[in-house]
Every structure is written in structure tokens, then in C-alpha cells.
Amino acid sequence: MRRALAAAAVLLATSCQSLIGPPYQPPPQQPAERPAAPPAQPSQQARAGKAAQPPPPAPPQPVPPPPQPSRQFHLGAAASALVQQASREAASGNPQLAQSTLERALRIEPANPLLWIMLGQAHESEGQYELAGSMGRKAVQLAAGDPRAQASAWRLIGDSLRARGRNEEANEAYSRADMLAAQ
């Protein structure tokens, strides 16, 4: 009977082992870093009074990243025609149609910050200040390297913040715009 129980226990243990997988083994440890070499003993010549060698030169200082290349955004022919059309639509008292036309221009040139600024200004003229501010933020992201476009985007952000009563933040946005415009 004891043999049967012992055999059943061994059988049970091996079957459970196959269900739960192999026992946990910790990952191998990384070899420890080598200790620094002990300082070299001065040679007999140095001990005899001869000049020791100068210390090794200091490691070079990290080089700052190069400044972003200056660029200036322009509208392509198709986007320019749509902007002119949007301007006429807004002047004729149809701002929603003007916004729609600017959105068409953005489908042609989605990475052009000038279009995002114009669309933000169109939303701002309709009292959609939060939306205008988000368009300005998008333009700031896209306008890297073009200080004039970035300044216009920050002014749009400042206008949207001021219209919502957030004057301190608006002043910060205007300050950024002024710094960029001076470049």
C-alpha cells in the first residue's frame, strides 16, 4: 500500500510539474564590472627624478546640436487659389463656407502651418476660440524653422486665450510671438 501511495505521489508530482511548467530559475546575472586597474607604479626612471609624463587630455566636450535650418513656408498654387476663394467667401458673409474651403486646402497641404493659422483665424472670427487656439498649437508644431509662421501661430494662440479671459497665458503667448518676430 505504501508503495502504491508513493508511486501515486510521484506520478501526481510529475503530472503537476508538466501542467505548471518548469521550476522558476532566476535569470543569469550579468558579470560584475571589473574593478578599475590599480594606479600604475611609477617607473624607475620617474622615481630617479626624471619628468613624469603629462596626464591624458580631458575628454572632449559634447557638441551642441546644430541650429534648425531656417525655412519659410509658402502656399502651393492649388492651396493659394483655395485661400483666395475662402477670402472671397468670408468677405461675402459666408464664414462657414470659407472654413470648408480652407479645410479643402489643408487636405492638399496638411503640413503647411500657414493654412492652420488661417483656419484658426476663421474659427476665431466665429467665436470658436478654443478651436482657434488648438489650430494655433498645431501650426506652432508644424512651423519649426520658420520664426515668422511661429510668431503668427503664437499670436493666434494669444488671441484665443485673451478672448477666453486667460490674460496671463495670453501675455506669455504674445511674448513668444514678439521674440520670434524679432529673429
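I'd like the chymotrypsin sites (Phe, Trp or Tyr not before Pro) in region 90-183 restricted to DSSP loop residues with at most 15 other Cβ atoms within 10 Å, sorted by number. Please report the intermediate quantities before stating the final value.
Details: sites: 116, 129, 154, 174; in loops: none.
Listed in order of number, the matching sites amount to none.
Compare the Cα positions of 116, 106, 175 along the charge dipole of region 77-181 (+1 at Cβ of Lys, Arg; -1 at Cβ of Asp, Glu; about the Cα centre) and return the one farthest towards the positive end.
It is 106.
Efficiency by 1/(1 + (r/R0)^6): what FRET value for residue 91 and residue 164, r their Cβ-Cβ distance, R0 = 30 Å, to the nearest 0.05?
Details: r = 27 Å, r/R0 = 0.88.
My answer for the efficiency is 0.70.
About the Cα centre of region 77-181, how large is the charge dipole given +1 on each Lys and Arg Cβ and -1 on each Asp and Glu Cβ? Please answer in debye to the nearest 20. Don't skip to the answer; put the middle values down first.
Values: 11 positive and 12 negative charges, 29 e Å.
Computed about the Cα centre, the dipole is about 140 debye.
Every read-out reported here was derived from the displayed coordinates using simple, explicitly stated rules and does not represent laboratory data. Just so it is clear, the structure is predicted and the values come from calculations on it, not from any experiment. Every residue, glycine as well, gets a Cβ built from its backbone with ideal geometry; the counts of neighbours run over all protein chains shown.
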